[in-house]
1. Short version: ³J(HN,Hα) in whole Hz for each residue of the range 7-17, in order, from phi by Karplus 6.51 cos²θ - 1.76 cosθ + 1.60 (θ = phi - 60°), x for Gly and Pro, what are they?
2. Given a 1.4 Å probe, how much area per residue of the chain is accessible, in Å²?
3. Suppose the Debye formula is applied to equal point scatterers at every Cα of the range 45-95; what is log10 I(q)/I(0) at q = 0.22 Å⁻¹?
4. Within the P(r) computed for the range 1-47, what percentage of the Cα pairs occupies the region above 12 Å?
5. Give me the angle, in degrees from 0 to 90, between the Cα long axis of helix 54-69 and the longest principal axis of the Cα atoms of the chain, rounded to the nearest 10.
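The values are calculated or read from the model by the stated rules, or taken from the named source; none is laboratory data. Bear in mind the structure is a predicted one, so any value in this text is a computation, not a measurement. For accessibility, only protein heavy atoms count, side chains too; no ligands or nucleic acids. Shrake-Rupley method; radii C 1.70, N 1.55, O 1.52, S 1.80 Å.
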Amino acid sequence: PQVFITSGGVSANGVAEIAGLRVGLTGQAAIRLRDGVPFVTLEDLDVAGVAVPGLVQDRIQAEVDAQFSLAQGLPLIIDDLILEEGKATVRGTIR
């Protein structure tokens, strides 16, 4: 996959295998902080140039939420998350 960081969020391009077929996959996500934990919102997702249906996108968002909820138990509180062209800066404190 290729991942691009901009001030507006993160976008990625890659290839996925779906039902035995290799297809192009692109997506965009916004990242915000909520109580010191990153909160990722999937904003756009398409497979082979076709938008992923809302129900599928909702299911993927639920899995993203589940994975990032694990970060709430880490001994780090993120105080600042700065997204810039080509880089992300994270500042935090240890609990």
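1. In residue order, the calculated couplings are 5, x, x, 10, 10, 9, 10, x, 10, 10, 9 Hz.
2. Numbers: 6560 Å² over 95 residues.
Per residue, the chain has an accessible area of 69 Å².
3. Normalising to I(0) and taking log10 leaves -0.90.
4. Details: 703 of 1081 pairs.
Tail fraction, whole percent: 65.
5. Orientation of helix 54-69: about 30 degrees from the principal axis.
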